[in-house]
1. Considering only the range 190-205, state which residues are under 19 Å from Ala73 (Cβ atoms) and charged (D, E, K, R).
2. Looking only at residues that are assigned to a helix (DSSP H, G or I), of a type in the set (A, V, I, L, M) and modelled with pLDDT under 80 in the range 138-169, which one is nearest to Leu279 (Cα to Cα)?
3. Would you mind finding the one in Val207, Val232, Val162 that is open to solvent by 10 Å² or more (accessible area, probe 1.4 Å) and among the aliphatic types (A, V, I, L, M)?
4. Select from the range 125-138 the residues that are in contact with a Ser or Thr (Cβ under 6 Å, 6 or more places away or on another chain), open to solvent by less than 10 Å² (accessible area, probe 1.4 Å) and of a type in the set (A, V, I, L, M, F, W, C) and write down the one among them that is farthest from Trp63 (Cα to Cα).
5. Kindly indicate the residue of the range 269-309 that is closer than 21 Å to Arg146 by Cβ and touching a Pro at 6+ places or on another chain (Cβ under 8 Å) and also surrounded by the fewest Cβ atoms within 10 Å (Cβ to Cβ) among those meeting that condition.
6. When you go through (1) within 20 Å of Trp55 (Cα to Cα); (2) open to solvent by 20 Å² or more (accessible area, probe 1.4 Å) one by one for Val98, which number turns out not to apply?
7. Looking at the range 146-159 only, could you name the residues that are touching a helix residue (DSSP H, G or I) at 6+ places or on another chain (Cβ under 7 Å) and open to solvent by 30 Å² or more (accessible area, probe 1.4 Å)?
8. Taking interchain pairs and intrachain pairs at least six residues apart, which have beta carbon atoms under 8 angstrom, with the first residue in the range 223-241 and more than 16 Å from Leu110 (Cβ to Cβ) and the second surrounded by 10 or more Cβ atoms within 10 Å (Cβ to Cβ) and of a type in the set (A, V, I, L, M)?
Amino acid sequence: MRVNDSATVRTSIAVSTSRRVTGGTEPAASVRRSGTLQAALGVTAFSLTFPATAWGLEGFGPWSLVAVRSVLAAVVAGGCLLALRVRVPGRAHWAGLVVVAAGVVVGFPLLTTLALQTSTTAHAAVVVGLLPLTTALLSALRTGARPSRTFWIAAVAGAAAVIAFTVQQSGGALTGADAYLFGALLICAAGYTEGGRLARVMPGWQVIGWALVLCLPLALPGALVALSHEPVRLTAHSVTGLLWVAAGSQFLGLVVWYRGMAAIGIPKASQLQLAQPLLTLVWSVLLLGEHLTPAAPLTAAAVLVCIAATQRARS
């Protein structure tokens with residue numbers, strides 16, 4: 001993107017002056033609030049992914065659904081990049097973008113979609129319950145972040161509460177889909193970690209935008225092959241599910257998610273995802289008619305306490 005250097009300098013001077021006058025407190029607090037809100041919007045978008053995928057599978061095969069959603073999201077992202085004349089990222093960023101693409105554009109959607117062929121959304125939510133802790137661990141290894149002991153205690157407690165709840169919802173039985181789910185957990189955490197790191201040096205929407213464009217040469221022929229081999233039945237549910245996972249989960253949700261991670265840090269942002277399985281279960285009841293036990297309010301309260309603790313703990 002072509003940037004007006006003089007405007008950038010004036011903005012930087014204004015921000016620096018504001019920080020000197022206020023001691024840096026107000027701008028920092030404003031950034032944290034904005035980052036937390038954006039990360040929370042991302043979590044909300046992601047919480048609809050599993051129900052939307054279940055809808056999409058009503059009319060598309062798993063390979064078709066994943067490939068077509070990637071193509072549609074890449075078209076939206078590429079159009080935005082072209083319209084705004086965004087410059088191609090430097091060579092130093094492409095390795096990170098490959099990790100983002102492998103994790104959140106290809107790996108997680110494909111593995112979870114394959115899992116949802118035989119797993120309920122409640123059972124699949126186990127992977128989301130483990131994702132915040134896994135992301136924080138990978139972040140610590142990748143970026144050198146060292147969250148406090150209070151942070152880790154709250155994170156582990158929140159993850160344990162979510163896992164216990166989601167496993168109880170699925171009857172405690174492990175299925176053949178678990179290999180897909182745990183594989184998706186690891187590769188998505190890597191993509192989140194690398195995306196959050198890149199979002200510190202380029203806008204978050206450009207991180208996911210370039211990752212999507214990077215996958216287009218693979219996704220487009222993949223979609224053509226998959227559509228020719230898997231039956232397609234267009235219904236209101238299948239089309240709505242496809243459009244949501246393409247535009248909401250695959251692009252818009254990741255835009256605000258990476259912006260949020262860049263603002264408040266990867267470990268803290270990742271803990272907001274502790275609420276995602278519970279939101280997914282609510283959507284599963286409302287959209288898919290799945291049964292929700294009375295344990296949900298208690299688990300929700302425990303998770304919210306853990307989220308509050310992680311957000312207050314110093315990194």
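The values are calculated or read from the model by the stated rules, or taken from the named source; none is laboratory data. This structure is a prediction, so every number in the text was calculated from the model and none was measured. With ideal geometry, Cβ positions are generated from the backbone for all residues, glycine too; neighbour counts draw on all protein chains shown. Side chains included, ligands, DNA and RNA excluded: accessible areas come from the protein's heavy atoms. Shrake-Rupley method; radii C 1.70, N 1.55, O 1.52, S 1.80 Å.
1. Glu194
2. Looking only at the range 138-169, we keep the residues that are assigned to a helix (DSSP H, G or I), and these are 138-143, 149-169.
Next, from what is left, pick out any that are of a type in the set (A, V, I, L, M): 138, 140-141, 153-157, 159-164, 167.
Then keep just the ones that are modelled with pLDDT under 80; that gives 140-141, 167.
Working: Ala140: 27, Leu141: 29, Val167: 15 Å.
Here the answer is Val167.
3. Val232
4. Ala136
5. It comes out as Leu272.
6. (1) is the only condition that Val98 fails.
7. So the first thing to find is which residues in the range 146-159 are touching a helix residue (DSSP H, G or I) at 6+ places or on another chain (Cβ under 7 Å), and the list is 146-147, 150-151, 154-159.
Arg146, Thr150, Val156, Ala157, listed by residue number.
8. Sorted first by the residue in the range 223-241, then by its partner, the pairs are Ser238/Leu57; Thr240/Ala52.
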